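Contents: one structure, followed by commentary.
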Amino acid sequence: MRKVYVSVVAEFDPEGKVTPLSITWEDGRIYPIDRITKKIRAASLKAGGQGIRYTVEIGGRETFLFYEKLKWFVEGKNG
Amino acid sequence: MERVILHSDMNNFYASVECLYNPGLRNHPVVVGGDPLLRHGIVLAKNEIAKRYGIQTGEVLWRAKQKCPKLICTKPHFDLYLEFSRMAREIYCEYSDRVESYGLDECWLDVTESIGLLGSGKKIADEIRTRVKAELGITSSVGVSYNKIFAKLGSDYRKPDATTVITPQNYKEIVWSLPVGELLFVGQATARKLNRYGIRSIGDLAQNDVNVLEYLLGKNGRMLWNFANGWDRSPVAHENAAMLVKSIGNQMTAPRDLVSREEIKITLYLLAESVAERLRAQRFRCRTVQIQVRDNTLFTYERQGKLRSPSCLSSELFEKALSLFDEKKATERPIRSLGLRACSLCPEEDQQLSFFEEAVQRQKKETVEREVDRIRSRFGHFSIQRGIMLTDPQLSAFHPAEDHLIHPELFFKNFSDTKE
């Protein structure tokens, strides 16, 4: 697995809660986030990192999005 | 009431953090080591695979490489370790308000008051292990017992990723068969001494005559005897208990051996500036200055002397340190490392006021040094330097305050009320 840093559009509400709204993939394609089902602190053993892990639904598929020290990454496939 | 104490130990801490961030390393023998070019080339931590080659913490890197030619050596990232240590503590604090760190990777928790709510000590221990693994990506081992000493032995008993419970019923089977050197505070020298008298296991120690032990080891003999029998009543400190600062010091191994007086002066200035900055940041002054000198044969000595009045000025610390170095020299060989320590601390509010000219001068100097602190915090450490530093850029490139030296917290202060 690769550690793929991505751009994210997120909403910061007045209470300080952060909600990611969409992800821009390496090739420029934008994927809106349909739903966030879980948010916990977690390590990514696959990509090698640690931060707040959002379980998000994009186009009906579930994936992990990590917020690690002001940067966002996803666990990408190799190659 | 019997206490329930946990000791959590994150396995191979530095190496685990490095392997987490570099998954490619995970299946190789890995050590975290200092920079050999700066002569900090020793093993700070190793992973399980490196351990199998017999590599030991504290060993010099070239020797470790001889044992395992494929060894991968990574540089330490202390900021990450501090961050992970803080996050682990956050988890622990969800289970108890009595949480006491012992170094960055170890911690005691007194969960006596929590078991009614959260389940047995073992259940809490397992839950903590699961959470640390999921949230931080690091395995840990946890010891559960009725005192701190046995809890610590429990966390060492089975590694990695395991819980060991030591009770008043089973401690003789588990603890007493262990070699005496496993007991906290039995170092190599004490273990050798005890072995010489036929005391090889912790059980031997526990069943020995306490008067004999006291004769051999002084009052520590009685303390260790108590520990071996599980009679340790020392409390787990409260989570926000203030850490008692007794002294502030820095030590540096120079990138090359120091021969000239100029080199000694540069190094002492670096240390004095760092220590003085930390004194001011923590609102302390010191009455005593101590230096530690190590030459290239590793012969080491310490000297200390009193200041005329309490100070937080780098110039005064430096002058004292240099005069200690000059007047009480114990070696003529090139110097490998120097340390400077500010002792007998007092709070800065306790300053004696004075009308004399000298006091006014010192006040001015302090204002200047505080201004330097401010400039450095805004623009970086090297934005402002003493002229002498420019004469030797290799030596002065070192910045002790950022080059963390992390020592386990003083432990003995809590071990006064041991039951007899």
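The values are calculated or read from the model by the stated rules, or taken from the named source; none is laboratory data. Here the structure is a predicted model, which means the values were calculated and not measured. Cβ sites come from the backbone with ideal geometry, for glycine too, and all protein chains shown count toward neighbours.
Considering B:Gly198, B:Gly187, B:Gly249, which residue is under 26 Å from the mean Cα position of the chain (by Cα) and under 30 Å from B:Glu173 (Cβ atoms)?
Step by step, each of B:Gly198, B:Gly187, B:Gly249 is checked, and only B:Gly187 is under 26 Å from the mean Cα position of the chain (by Cα) and under 30 Å from B:Glu173 (Cβ atoms).
Can you find even one residue in the stretch B:227-236 that is assigned to a helix (DSSP H, G or I) and either closer than 30 Å to B:Arg98 by Cα or not assigned by TED's automatic domain parsing to the domain that holds B:Tyr95 (or both)?
yes
So is B:Gly198 assigned to a loop (DSSP other than H, G, I, E, B) and either more than 30 Å from B:Arg86 (Cα to Cα) or touching a residue at least 60 places away in the same chain (Cβ under 8 Å) (or both) or not?
Spelling it out, B:Gly198 is indeed assigned to a loop (DSSP other than H, G, I, E, B) and either more than 30 Å from B:Arg86 (Cα to Cα) or touching a residue at least 60 places away in the same chain (Cβ under 8 Å) (or both).
Results for (1) in the same structural domain as B:Gly143 (by TED's automatic domain parsing); (2) out of contact with any Asp or Glu (no Cβ under 7 Å at 6 or more places or on another chain), shown as yes or no for each residue.
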site: B:Gly218; (1), (2): yes, yes
site: B:Met223; (1), (2): yes, yes
site: B:Glu262; (1), (2): no, yes
site: B:Leu270; (1), (2): no, yes
site: B:Arg278; (1), (2): no, yes
site: B:Thr288; (1), (2): no, yes
site: B:Gln292; (1), (2): no, no
site: B:Arg303; (1), (2): no, yes
site: B:Leu307; (1), (2): no, no
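Which condition does B:Glu18 not pass, out of (1) within 29 Å of B:Ala125 (Cβ to Cβ); (2) of a type outside the set (A, V, I, L, M); (3) away from chain A (no Cβ under 14 Å); (4) under 21 Å from the mean Cα position of the chain (by Cα), if it passes all the others?
For B:Glu18, the exception is condition (3).
Looking only at the stretch B:27-42, decide whether some residue is within 14 Å of chain A (Cβ to nearest Cβ), in contact with a helix residue (DSSP H, G or I) (Cβ under 9 Å, 6 or more places away or on another chain), buried (at least 18 other Cβ atoms within 10 Å of the Cβ) and not aromatic (Phe, Trp, Tyr).
yes
Would it be correct to say that B:Val99 is among the hydrophobic types (A, V, I, L, M, F, W, C) and within 14 Å of chain A (Cβ to nearest Cβ)?
It is false that B:Val99 is among the hydrophobic types (A, V, I, L, M, F, W, C) and within 14 Å of chain A (Cβ to nearest Cβ).
So B:Ile49 ticks every box in (1) touching a residue at least 24 places away in the same chain (Cβ under 8 Å); (2) more than 12 Å from chain A (Cβ to nearest Cβ); (3) more than 30 Å from B:Thr167 (Cβ to Cβ); (4) crowded, with 18+ Cβ neighbours inside 10 Å but one. Which box is left unticked?
Here B:Ile49 clears every test but (1).
Look through A:Lys46, A:Lys77 and report the one residue that is more than 12 Å from the chain's Cα centre (by Cα), more than 13 Å from chain B (Cβ to nearest Cβ) and surrounded by fewer than 17 Cβ atoms within 10 Å (Cβ to Cβ). So that I can check it myself, show each step before the final result.
Values: A:Lys46 fails: more than 13 Å from chain B (Cβ to nearest Cβ).
The unique qualifying residue is A:Lys77.
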